[in-house]
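Working notes for the structure below.
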Amino acid sequence: MTVIFLYGRYKFNWGGGEVGFFMTYRNIIGFLGNFITMGLLTQRLKLSDPLVGICGCVSALLASVYFASVDSDYLMFIGIPLQTFLII
């Protein structure tokens, strides 16, 4: 969380409120997205647990590259759902 606070403050001039809102949004979307993606990947697509873990790692890696390259703050908010559903 500290890195996100410093990154938001440096790149987008966010204060504590904006970073707090972003973190809350990220946690809510991530929580809901985990239920959807885990059900879809394990029940519908019949993927094994290690393969689901690999999908999650690839998704996190691609999302990190995305977040490092965005230029505006609204793209940070768009990246959260993309991170959750990127592999599907």
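Computing percent of Cα pairs over 19 Å apart for the structure here picks out one of (i) 42; (ii) 63; (iii) 59, namely (i). Only helices enter the 222 nm calculation for the chain: every DSSP H run of n ≥ 4 contributes -39,500 (n - 2.57), and dividing by all residues gives -26000 deg cm²/dmol, rounded to 500. Find the relative contact order for the chain and round it to a whole percent, using C-alpha pairs within less than 8 Å whose residues are 6+ positions apart. This gives 34 percent for the chain.
Compared with the dominant Cα axis of the chain, that is its longest principal axis, helix 2-12 is turned about 60°. Relative to the longest principal axis of the Cα atoms of the chain, helix 16-39 runs at roughly 10 degrees.
Read-outs throughout are calculated quantities, based only on the coordinates presented, and are distinct from any laboratory measurement. These numbers were taken from a predicted model, which means no experiment stands behind them.
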